[in-house]
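Taking it in order: structure first as structure tokens, then the write-up.
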Amino acid sequence: RPKLSGRELLCQLKERVEVTTLTSDHQPFSALTRAPLLLPPQQLTSDLGPYKSCAVVSSAGSLRNSGLGKEIDTHDAVLRFNAAPTSGFEKDVGSKTTVRLINSQVMASDDHRFLSSSLYSSGVLVAWDPAPFSSNLSQWYNHTDYPIFNQYQRYRRLHPQQPFYILHPRCEWQLWQRIQDNMAEPIQKNPPSSGLLGTILMMSLCEVVHVYEFLPSRRKTPLCHYYQRFYDAACTFGAYHPLLYEKNLVKRMNQGSDQDIYNHGRVTLPGFSAMNC
Ligand code: NCC
């Protein structure tokens, strides 16, 4: 199979990955009339943006001492992940949060105090759960990895004003397929990491997307997260998620320079609206 150029890869993403979120009229959720999930009536992409310039801030330990905070905050919208804080780390990661993408493990585990912690109360929330490959929504609804729907419903009741979406699981596997089809070897059948999902999400909302420390800079470190004293190289290279393959794909699509990666951990990708395919 011929290796696709960066441009061709970008067009494949635009054409074959649908960034959609669940809405209240989707089956089986629309049938839950007695205890509604409180899903939004509209898609994330019709409620939010479009933005000119966006930042996706990975949670990597290599953000520590990066001094990237000011630059990150100049973007029109900033996406962060899971329990990644800004408070106390502004110099390195900035303080603006427009969207927070969270996995269902964060929503369900007691340590994260998802329902009560103020960490989650700013910006738009988007949740996702590793859905079984090629399952329909009803099959997934009955066998989620973590209790995403229960927690979603509880959070929505406590914070009815905060916009909160759930990513359609089809998006995970369409993205996974793009990775697999562009790699020479079989990759693990687990969904892509929040990092790549968030990048695609911003590509559907923004003209240009800057991803920080997804491809590690010269500050590369076994420190897992910039906000925790926990060391594991698997955070950067992957175990459950096909993270190394995700990074390979992003490297091929990067429109910025290799020096930008090395010095700033910065990758530049065009948004879908700015691409001619
Ligand atoms: O670690 P996590 O991701 O929250 O990081 C968000 C995204 O940043 C990129 N990253 C992170 C650390 C690092 N050293 N290098 C990186 O490139 C990755 O793209 C990552 O997706 C997740 O994807 O949701 C993940 O979540 C954690 C964990 O559930 C949450 O942090 C909550 O504690 C997972 N860790 C475990 O399950 C133990 C992680 O595998 C993936």
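Quick notes on this one:
- Scanning the stretch 33-53 for residues that are touching a Ser or Thr at 6+ places or on another chain (Cβ under 7 Å) and over 10 Å from Thr23 (Cβ atoms) yields Thr45, Pro50.
- Scanning the stretch 204-242 for residues that are of a type in the set (A, V, I, L, M) and closer than 20 Å to His264 by Cα yields a total of 6.
- Reported count of residues in the stretch 74-101, each being surrounded by fewer than 17 Cβ atoms within 10 Å (Cβ to Cβ) and among the hydroxyl-bearing types (Ser, Thr, Tyr), is 3.
- Figure legend. Inter-residue proximity from the stretch 9-34: first residues among the charged types (D, E, K, R), second residues exposed (fewer than 14 other Cβ atoms within 10 Å of the Cβ), beta-carbon distance below 6 Å, spacing 6+ or different chains. Indicated pairs: Lys14/Cys277.
Conditions tested, residue by residue: (1) away from the ligand (no atom under 16 Å from the Cβ); (2) of a type outside the set (Phe, Trp, Tyr).
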| residue | (1), (2) |
| --- | --- |
| Lys70 | yes, yes |
| Asp73 | yes, yes |
| Leu79 | no, yes |
| Phe89 | no, no |
| Ser135 | yes, yes |
| Trp140 | yes, no |
| Leu158 | yes, yes |
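- Test: residue in the stretch 218-228 that is within 15 Å of the ligand (Cβ to nearest atom), among the hydrophobic types (A, V, I, L, M, F, W, C) and farther than 16 Å from Phe81 by Cα: yes
- Exactly one residue among Ser121, Ser104, Ser138 is surrounded by fewer than 17 Cβ atoms within 10 Å (Cβ to Cβ) and free of Cβ contacts under 8 Å to residues at least 60 places away in the same chain, and that residue is Ser121.
- Elements of type helices (runs of 4 or more DSSP H) contained in the stretch 174-277, each with 1 or more residues being open to solvent by 50 Å² or more (accessible area, probe 1.4 Å) and in contact with a helix residue (DSSP H, G or I) (Cβ under 6 Å, 6 or more places away or on another chain): 234-237, 243-253
- For the stretch 147-173, the candidate set comprises residues that are in a loop (DSSP other than H, G, I, E, B) and farther than 19 Å from Gly195 by Cα; within that set, the residue that is least open to solvent (accessible area, probe 1.4 Å) is Gln162.
The values are calculated or read from the model by the stated rules, or taken from the named source; none is laboratory data. The structure presented is a predicted model; accordingly, all values stated were derived computationally and were not measured. Because the Cβ atoms are built from the backbone with ideal geometry, glycine has one as well, and the counts that use them run over all protein chains shown. For the accessible areas, the whole protein counts, side chains as well, though only heavy atoms, and no ligand, DNA or RNA atoms are used. Shrake-Rupley method; radii C 1.70, N 1.55, O 1.52, S 1.80 Å.
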